[in-house]
Structures are given as structure tokens and as C-alpha cells.
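To start, the structure itself, in C-alpha cells.
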Amino acid sequence: MPNMTLQEALTWIAEVFEEPAGRIVRDTKRSEIPGWDSLGTLSLIAALDERFDIQLAEDAIEGLRGVADLLDVLRERGALAEA
């Protein structure tokens with residue numbers, strides 16, 4: 001399982017939601033990412049599974065309120081290096 005830096009993780013998140021890399025920061029809220037809609041959520045679920053072998057329950061996915069929550073998941077699952 002890859003161990004990404006924070007910047008690599010932010011770039012990956014931007015790619016998943018088809019956003020410019022510099023627009024996604026730790027404090028970006030879900031509502032501020034146009035691509036984080038129902039289709040974007042499906043893309044996120046697939047990307048987490050494909051790249052990191054991370055599966056999340058539906059309620060865990062719905063509980064993600066922004067980039068910080070997603071980074072926490074990556075950190076907890078060992079995919080993100082401790083900063």
C-alpha cells in the first residue's frame with residue numbers, strides 16, 4: 001500500500017474529483033468541490049478501493065464532510081504518511 005505525502009494525497013483527491021490540483025487543500029469542504037456529488041462519490045469509492053484497497057461503509061462515506069475527513073481515513077488506513 002503506497003504511503004503518500006500530504007501533497008501527493010491532495011493531488012490524488014483533486015484528480016478523483018477532476019479539480020485543478022492547487023484548488024484542493026486540507027480545509028476544502030465537500031460542498032466546495034463541484035465534482036463531489038453522487039457520481040463523484042462513486043468515483044471516490046472506486047479510487048479508494050483500486051489504489052489503496054480501502055473499502056468504506058456507506059455511512060462512513062456519507063460522513064465525509066471535506067478533504068480533512070478523507071485525509072484522516074487515508075492516515076488511519078496507513079496510506080498517508082504522518083506529517
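What follows draws every value from the coordinates through simple rules; no lab data is involved. Quantities reported herein were computed from a predicted structural model and do not represent experimental measurements. Reconstructed Cβ throughout: ideal geometry from the backbone, glycine too, with neighbour counts over all protein chains shown.
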- Item | Hits in region 4-39 (condition: of a type in the set (A, V, I, L, M), farther than 14 Å from residue 80 by Cβ and surrounded by fewer than 17 Cβ atoms within 10 Å (Cβ to Cβ)) | 21, 25, 39
- Among 19, 32, 15, which is the only one that is touching a strand residue (DSSP E or B) at 6+ places or on another chain (Cβ under 9 Å) and over 20 Å from residue 76 (Cα atoms)? 32
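Mind telling me which of the residues 42, 48, 64 ends up being surrounded by 11 or more Cβ atoms within 10 Å (Cβ to Cβ) and over 11 Å from the mean Cα position of the chain (by Cα)? Walk me through how you get there before you give the answer.
Working: 48 fails: over 11 Å from the mean Cα position of the chain (by Cα); 64 fails: over 11 Å from the mean Cα position of the chain (by Cα).
After ruling out the rest, the residue left standing is 42.
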- Query: Cβ-Cβ below 8 Å, separation at least six or inter-chain, first residue in region 44-64 and in contact (Cβ under 8 Å) with a residue 24 or more places away in the chain and of a type in the set (Phe, Trp, Tyr), second surrounded by 10 or more Cβ atoms within 10 Å (Cβ to Cβ) and part of a loop (DSSP other than H, G, I, E, B): which pairs?
  - Reply: 52/1; 52/2; 52/77; 52/79
